[in-house]
Amino acid sequence: MIEPPVATRGAPMLTVVVPCYNERPNVAPLIAKLDAALHGVAWEVVYVDDNSPDGTAAEVRRIAQTDPRVRCIRRVGRRGLSSAVIEGALSSSAQYVAVIDGDLQHDETKLPEMLGALRTGRYDLAVGSRHVAGGDDAGLANRWRHILSDGGMKMAQYFLPVRLTDPMSGFFMLPRPLFENLAASLTGQGFKILLDLALSSPAPLRVVEVPFVFRERVAGESKLDPLVLAQFVGLLLDKVFDGLLPLRFISFALVGALGVLVHLVVLTAALKLLGLHFEAAQAVATVVAMVFNFQLNNDITYRDQRLRGHRLWRGLLVFIVVCGFGAVANIGIANTLYETHTNWTIAGAIGAVIGVVWNYAVSATLVWRAR
Ligand code: GDD
Ligand code: MN
């Protein structure tokens, strides 16, 4: 990234994006700390608040009354760390954007060092890291979180095109034009925005890591529990048991079992309440159960690669076709076994297992990996 020859007038040098949810007591202290740390830099701060019930946005606006460097984006009807960061960064006209947590856990005094490194033009991305010499993740709530965080880090590293010792870090800086280039490829899901950036870049990013000490949270509470942690555990288990019994398969099979229940309920309703013929009732129940299964698998089993928009519809269509074949195989095999005098429960069970394995294997490649 080449520095423009003349300093841009008007737009600040640096926009600090702060995703926040229920961080009211931390707003004023963080702004004061930024002010101290960024002395001599033309900076602004953008709080991106998801309509926190504690009035975080109102607190930001109160300070903005007397400090034009303070801005607030208040989002309603939405939640999400990554998407908040994206919107904040895209609202910037500065030369560089930084992202920092709003709870004072990140070390804002490292911002000038990050900016200095980027301004040499030798790097595309500066990352505050808890895992390089001099960094420390002492502030992570407990030992369990340490294990999760380290495990997640090691796994993520495996897939990364660049060396990032702290790929889950929420503290980083990059040139704003670069962010704009990558923005369209970001998934905007969950909280893995840095990973997302690193994976979205067509050319490996030149990364500089700046060690920092992760501070204890003083006010408010962490929002990344327990669903995020559950996802982490899931990811880890998946890695550990890969090849034996993939976690995804278990999830897929459980969703399938629920689907059977849905099927039976709809079938009963269609027969008894709507008075449909069996074939019609069965067809309605099958479609409802498939849509239900698709939705649940998309939300849970494949949460990390959830399909949206036109991909969702395409995925649903393929899923129905795949499961249609699965059902034919299931019924066909069970029937053959039954006719060759296998006990009907065993015949049925074998048919069902073959059906679910087929559905899982094929939908994993055709529905959720077709990108
Ligand atoms: N707008 C918005 N919407 N902000 C959010 C949301 C959300 O849904 N969820 C969390 N935040 C904000 C918090 O208010 C905080 O400023 C920041 O995002 C980080 O959230 P925490 O809840 O404090 O996360 P943590 O301290 O447990 O997690 C740390 O470790 C993660 C993984 O290692 C942080 O350093 C994360 O940045 C990091 O990804
Ligand atoms: Mn935090």
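Residues whose amide H comes within less than 5 Å of that of Tyr47, counting only those at least five positions distant or on another chain, are Val18, Arg71, Cys72, Ile73 (H built at 1.01 Å from N in the peptide plane). Entry note: the stretch 247-367 has Rg to Rh equal to 1.00, where both radii use alpha-carbon atoms and Rh is the Kirkwood radius. If the chain linking Val321 and Ile250 were pulled fully straight, counting 0.36 nm for each residue of separation and taking away their Cα-Cα distance, it would gain 23.4 nm.
Here Tyr21 sits with roughly 50 square angstrom of accessible surface, probe radius 1.4 Å. Residues Phe292, Phe325, Phe319 ordered from highest to lowest accessible area at a 1.4 Å probe: Phe325, Phe292, Phe319.
Projecting label points 7 angstrom from Cα along Cα→Cβ for Asp299 and Ala219 puts them 3.5 nm apart.
The values are calculated or read from the model by the stated rules, or taken from the named source; none is laboratory data. These numbers come from a predicted model, not from an experiment. For neighbour counting, all protein chains shown are included, and Cβ atoms are generated from backbone atoms with ideal geometry for every residue, glycine included. These area figures cover heavy atoms from the full protein model, side chains too; ligands, DNA and RNA do not enter into them. Shrake-Rupley method; radii C 1.70, N 1.55, O 1.52, S 1.80 Å.
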